[in-house]
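Values in this text are rule-based calculations from the coordinates and carry no lab data. The structure displayed is predicted, hence computed values, not measured ones. Methodologically, a virtual Cβ is constructed for each residue, glycine included, from the backbone with ideal geometry; neighbour enumeration extends over all protein chains shown.
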Amino acid sequence: MNLNLRNAIISNVQGNNQQELQETILDAIQSGEEKMLPGLGVLFEVIWQNSSNDDKQEMLTTLEQALSK
């Protein structure tokens, strides 16, 4: 069986509204389960690919600041 995890994750949330997406993200973070990390990674990839250069720079600044604490 050839399962593409990235496509499965995208398919699972495709068509969700903002509230549903937020619930998915919060559930993944709050559960603390490492099995949720690939899903968050795919969602971040979608955000990154659909962001402007300014938005990408803002994300990088936020990450840098959060990781330097």
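Can you give the net charge of the other residues whose Cβ lies under 14 Å from the Cβ of Val42, counting K and R as +1 and D and E as -1?
That works out to +1.
Need one number: nm distance between label points at Ile10 and Leu67, each 7 Å from Cα along Cα→Cβ, rounded to one decimal.
About 2.5 nm, to one decimal.
Starting from the Cα gyration tensor of region 5-67, multiply each eigenvalue by 5, take the square root, and state the resulting semi-axes largest first in whole Å.
Details: eigenvalues 86, 48, 26 Å².
Taking √(5λ) for each eigenvalue gives 21, 15, 11 Å, largest first.
If we count every other residue with Cβ under 14 angstrom of Leu26's Cβ, Lys/Arg +1 and Asp/Glu -1, where does the sum land?
In short, -4.
Compute the distance in nm between two label points, each set 7 Å from the Cα along the Cα-to-Cβ direction, one at Asn53 and one at Ser31.
3.8
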